[in-house]
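A short worksheet on the structure shown next.
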Amino acid sequence: MTPPSPDPGSRRAGQLALLALLELLAMGLWFSASAVVPELREAWDLDDAGAAWLTTSVQLGFATGAVLSALLTLSDVWDPRRLIAGSALLGAAATAAIAVFAEGLALAVVLRFATGVALAGVYPPGMKIVAGWFRGGRGTAIGILIGALAVGSATPHLLRPLGGIGAWQPVLLLASGLAVVAAVLAATGLRTGPYQAPAAPFDPRAVRRIIADRATMLANGGYFGHMWELYAMWTWIPAFLAASFAADASGGTTPSLASYLAFGTIAAGGLGAAAAGVLADRVGRTAVTSWSMVLSGACCLAIGPLFGGPVWPVAGICLVWGFAIVADSAQFSACVSELAEPEYVGTALTLQTAIGFLLTVATIRLVPVWEAALGWEWAFAPLAIGPALGTWSMLALRRRPEATRIAGGRR
């Protein structure tokens, strides 16, 4: 007697859980070097520009990998499972090589760039696989995936105090090991879903059609405003917290506390992305993204005046900001997956992330410039420009007829 096939709902939930787990494990590579900047400042005599390059090189690598993937439509031509597994292994090798071989910034920047290229083969294809399993509830599903990405990005800040403040190599090696586990999970456990379009032929005109589509580009406009803020905050909030706690006259804070709160701030985005996904599938994506950006933009302006003050108000704003700043992220991707040509959803998502991550290079580099000119009290304030423009873009999308294709007509 042939055993019954697994319930489609159970298979779908299982695949989502597996994808979320492997994204969480792989994305620890992103901030693995950035998390140990205090140690690398001493070991390599880094200044602010050098510290910024440890993150901007990843952003540039990711954007480069994403652009090449989009132009070659790799996410739609290749099996996304193999692409994810191979990319996670490449990222793990590049990060481990920093711990083993790097004795200064030059080699580290090259290897961080390679890590970014590799991660372009992990994150966008993961969203494509989710879209292939979920038609209804897609916002919730991608929200869970982005939530896992946020928690994974935060893990190096947790590994740092657990591994011992002052020791930077173990953080990178642990992050690499977790990425290897992610590669194994991708290669052995991932399956494509019933709604995934078959492999598409290479079409050099696909990117041109995506750019020409007004509704898709408005959804991208919301994403670009969101990205103007996100990675600059994630990169520099640990430094802000360390400086703020050092300036707190009441004392009672430690470097470990700053690392734990940095972890909590970034990881709070996991809850934000999941909660907003559920809400967006019920009330609409443009409304949820707009309110999320309004709240995160307000936090950009509110955090500075609290600099050097008591721990609890600073921690409260950080956690709210961390929750709101990622809450909208998945919904921009969900919008694009619903608006773009089904055969080239992977390419559309990859193009979206490529341009978005190029924007992050500018703001990551600008925050220390603003801090030097204005102090930490106002260094984050210019980031509010992004959420303001992103909100305008999503409200413009809401008024277009194509918006009826979003979230089953809930816009």
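The values are calculated or read from the model by the stated rules, or taken from the named source; none is laboratory data. Bear in mind the structure is a predicted one, so any value in this text is a computation, not a measurement. Counting neighbours? That spans all protein chains shown, and the Cβs are built from the backbone with ideal geometry, glycine included.
In the stretch 339-355, what count of residues is obtained for those that are at pLDDT 85 or above and acidic (D, E)?
Of the residues in that region, 0 qualify.
Note on the stretch 212-223: residues that are part of a helix (DSSP H, G or I) and surrounded by fewer than 21 Cβ atoms within 10 Å (Cβ to Cβ) total 5. Candidates are the residues of the stretch 305-353 that are aromatic (F, W, Y) and closer than 30 Å to T404 by Cβ; the one that is surrounded by the most Cβ atoms within 10 Å (Cβ to Cβ) is F332. Among the residues of the stretch 194-208, the one identified as within 21 Å of L72 (Cα to Cα), in a loop (DSSP other than H, G, I, E, B) and at pLDDT 70 or above is R205. For the condition over 18 Å from I406 (Cα atoms) and touching a helix residue (DSSP H, G or I) at 6+ places or on another chain (Cβ under 8 Å), V278 does not qualify.
Inspect the stretch 38-60 for any residue being aliphatic (A, V, I, L, M), surrounded by fewer than 20 Cβ atoms within 10 Å (Cβ to Cβ) and under 21 Å from P161 (Cα atoms) and give the result as yes or no.
Yes, the stretch 38-60 contains a residue that is aliphatic (A, V, I, L, M), surrounded by fewer than 20 Cβ atoms within 10 Å (Cβ to Cβ) and under 21 Å from P161 (Cα atoms).
One residue stands out among those in the stretch 241-277 that are under 30 Å from M127 (Cβ atoms) and modelled with pLDDT under 85: the one that is surrounded by the most Cβ atoms within 10 Å (Cβ to Cβ), which is G277.
Please verify whether the stretch 289-303 includes one or more residues that are within 17 Å of A381 (Cβ to Cβ), modelled with pLDDT of 95 or more, surrounded by fewer than 18 Cβ atoms within 10 Å (Cβ to Cβ) and out of contact with any helix residue (DSSP H, G or I) (no Cβ under 7 Å at 6 or more places or on another chain). There is at least one residue in the stretch 289-303 that is within 17 Å of A381 (Cβ to Cβ), modelled with pLDDT of 95 or more, surrounded by fewer than 18 Cβ atoms within 10 Å (Cβ to Cβ) and out of contact with any helix residue (DSSP H, G or I) (no Cβ under 7 Å at 6 or more places or on another chain).
Within the stretch 170-193, the set of residues being out of contact with any Leu (no Cβ under 8 Å at 6 or more places or on another chain) and at pLDDT 90 or above comprises L172, L173, G177, V184, A187, T188. Between V336, V320, the distinction of being more than 13 Å from W228 (Cβ to Cβ), at pLDDT below 95, of a type in the set (V, I, T) and part of a helix (DSSP H, G or I) belongs to V336 only. Applying the criterion of being crowded, with 19+ Cβ neighbours inside 10 Å and β-branched (V, I, T) to the residues of the stretch 363-400, the residue that is nearest to A287 (Cα to Cα) is T391.
Considering only residues that are farther than 18 Å from W53 by Cα and modelled with pLDDT of 85 or more, which ones fall in the stretch 70-95? Let's see the steps before the verdict.
Kept after step one, since they are farther than 18 Å from W53 by Cα, are these residues of the stretch 70-95: 70-90, 92-93.
Residues satisfying the conditions are R82, L83, I84, A85, G86, S87, A88, L89, L90, A92, A93.
Among the conditions (1) buried (at least 24 other Cβ atoms within 10 Å of the Cβ); (2) at pLDDT below 85, the only one that G166 does not satisfy is (1). I'd like to check something: does the stretch 56-74 contain any residue that is part of a helix (DSSP H, G or I), of a type in the set (S, T, N, Q) and over 25 Å from T347 (Cα atoms)? No, the stretch 56-74 contains no residue that is part of a helix (DSSP H, G or I), of a type in the set (S, T, N, Q) and over 25 Å from T347 (Cα atoms).
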